[in-house]
Amino acid sequence: MDDLIREFINPYHVQVLILLGIFLIAALGLHLITGVTGQLSFGHAAFLSIGAYTAALMNLRLDLPFLACLLAGAVVAALAGVLVGFPSMRLTGDYLGIATLGFAEIVRVVFMNLEITGGARGLAGIPRETNLVTVYVLVILTVWAMYRLNHSRFGRALVAIREDEIAAECMGIKSLWYKVGAFAIGSFCAGLAGGLYAHLLQYLNPADFGFARSFEILCFVVLGGLGSIAGAVLGTTILTIAPEMLRFSAEYRMMMYGVLMVLMMIFRPGGLLGGVDLVASFRLLWSRLRNTATPAGGA
C-alpha cells in the first residue's frame with residue numbers, strides 16, 4: 001500500500017504527511033493533559049522519547065513485531081506518566097510546568113549516558129516500519145478515543161477540575177486520580193507517537209527530545225485552541241506544514257514563521273478554534289438545513 005501511495009505522491013510529501021500524523025497523536029495526548037484538564041506540561045517530549053527508545057530497543061534487542069513494539073513503548077511511557085504524575089500532580093500552574101520540564105531534562109540526560117541507547121552518538125539501525133496507512137489509522141483511532149473521552153463522565157470530571165478544582169472536589173471528584181489518569185493517557189499517546197517516530201527516521205538522538213520539541217508540541221495545542229480536538233489538529237497541521245511551505249525563502253523562513261505566530265495570537269488569543277465545538281456546529285447546521293428543506297405543514 002505504501003509503495004502504491006508513493007507512485008502518486010512525491011516521497012518527500014509522504015514523509016511530511018507521516019510526520020504530521022505522528023505529531024497529531026502526540027499533540028492530542030497533550031490536548032488531554034493541558035487543554036482539557038488544565039495541567040501545564042513542558043515535558044511532553046520526555047514521554048515521546050521513552051516511547052521511541054522502548055519501541056526501538058524492543059525491535060533491535062528482542063526482535064518483536066512492530067505493533068508489539070509500539071504498544072510496549074506506549075505502555076512504558078504511560079507508566080512513566082503515572083510515576084511522575086503522583087508526586088507532581090500535587091503541584092499546579094507554573095510549578096507543575098517546571099517539574100515536568102525538569103523530568104524531561106533528566107530523561108534526556110539519562111538517555112545520553114546509557115550505553116544501551118547509544119549515548120550521545122544516538123541509536124541507529126532501527127528498521128523502517130512506519131508508513132502512511134498505519135499512522136493515519138492510529139490518528140483516526142486517537143481522535144475517536146479523545147472525542148469519546150471528552151464526552152464521557154471521565155472527560156466531564158476533567159473539565160470540572162480545569163474550571164474549579166476546589167468546587168470539583170466538593171462535588172465528590174477525586175481530582176488527584178483524575179489528573180493522574182489524564183497524565184497516563186496523554187503519555188500513552190506520546191509514547192505511541194515516539195514508537196512511530198523511531199521506526200520512521202530509523203535513528204534516535206537524545207538531542208531531538210529536548211525542550212524545543214516539548215515547546216513545539218505545546219504550541220500545536222495552544223495555537224489551535226486549548227480544549228478543542230479540532231483545534232489541536234488544525235494547530236498541528238499549520239505549524240508542521242508552514243515551515244515546509246516557507247522553504248522557498250529559507251533565509252527568512254523562521255522570521256516569517258514567527259510573524260505568522262504573533263499575528264495569530266493577536267487576532268485569536270484563545271486559539272484558532274478555542275471554544276468552538278465543530279461536531280455541535282455541524283449538527284446545528286445539519287438540523288437547520290433539514291428544517292429548511294422540509295415544507296411548512298409537514299411532509
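The values are calculated or read from the model by the stated rules, or taken from the named source; none is laboratory data. The model shown is predicted, which means the values in this text are computed figures rather than measured ones. Note: ideal-geometry Cβ built from the backbone for every residue, glycine included; neighbour counts use all protein chains shown. Quick note on the areas: whole protein, heavy atoms, side chains included, nothing else; ligands and nucleic acids left out. Shrake-Rupley method; radii C 1.70, N 1.55, O 1.52, S 1.80 Å.
Summary table
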quantity	calculated
Any chance ALA212 is open to solvent by less than 60 Å² (accessible area, probe 1.4 Å) and out of contact with any Lys or Arg (no Cβ under 6 Å at 6 or more places or on another chain)	no
Leading residue by the ranking (least open to solvent (accessible area, probe 1.4 Å)) among those in the stretch 153-189 that are farther than 23 Å from LEU79 by Cβ and small (Gly, Ala, Ser)	ALA168
Flag for VAL143 being of a type outside the set (D, E, K, R) and free of Cβ contacts under 8 Å to residues at least 40 places away in the same chain	no
Residue match in the stretch 218-240 (condition: more than 18 Å from the chain's Cα centre (by Cα) and either more than 29 Å from LEU64 (Cβ to Cβ) or loosely packed, with under 14 Cβ neighbours inside 10 Å (or both))	no
Options THR134, THR130, THR142, THR117: the member that is under 30 Å from ALA168 (Cβ atoms) and among the hydroxyl-bearing types (Ser, Thr, Tyr)	THR142
Test: VAL159 is assigned to a helix (DSSP H, G or I) and under 24 Å from VAL221 (Cα atoms)	yes
Some residue of the stretch 54-61 being without any contact (Cβ under 8 Å) to a residue 60 or more places away in the chain and of a type outside the set (Ser, Thr, Tyr)	yes
Residue in the stretch 119-136 that is least open to solvent (accessible area, probe 1.4 Å), counting only those that are modelled with pLDDT of 85 or more and on the phi > 0 side of the Ramachandran plot	GLY122
Options ALA167, ALA198, ALA230, ALA160: the member that is small (Gly, Ala, Ser), in contact with a helix residue (DSSP H, G or I) (Cβ under 9 Å, 6 or more places away or on another chain) and within 22 Å of VAL84 (Cβ to Cβ)	ALA198
Listing of helices (runs of 4 or more DSSP H) fully contained in the stretch 1-110 that carry 1 or more residues being surrounded by 24 or more Cβ atoms within 10 Å (Cβ to Cβ) and either among the basic types (Lys, Arg) or in contact with a helix residue (DSSP H, G or I) (Cβ under 9 Å, 6 or more places away or on another chain) (or both)	11-30, 44-62, 66-88
Residue in the stretch 121-130 that is within 23 Å of ALA74 (Cβ to Cβ), of a type in the set (Lys, Arg) and in contact (Cβ under 8 Å) with a residue 24 or more places away in the chain present	yes
GLU115 being outside any helix (DSSP H, G or I), without any contact (Cβ under 8 Å) to a residue 12 or more places away in the chain and either in contact with a Lys or Arg (Cβ under 8 Å, 6 or more places away or on another chain) or over 23 Å from GLY85 (Cα atoms) (or both)	yes
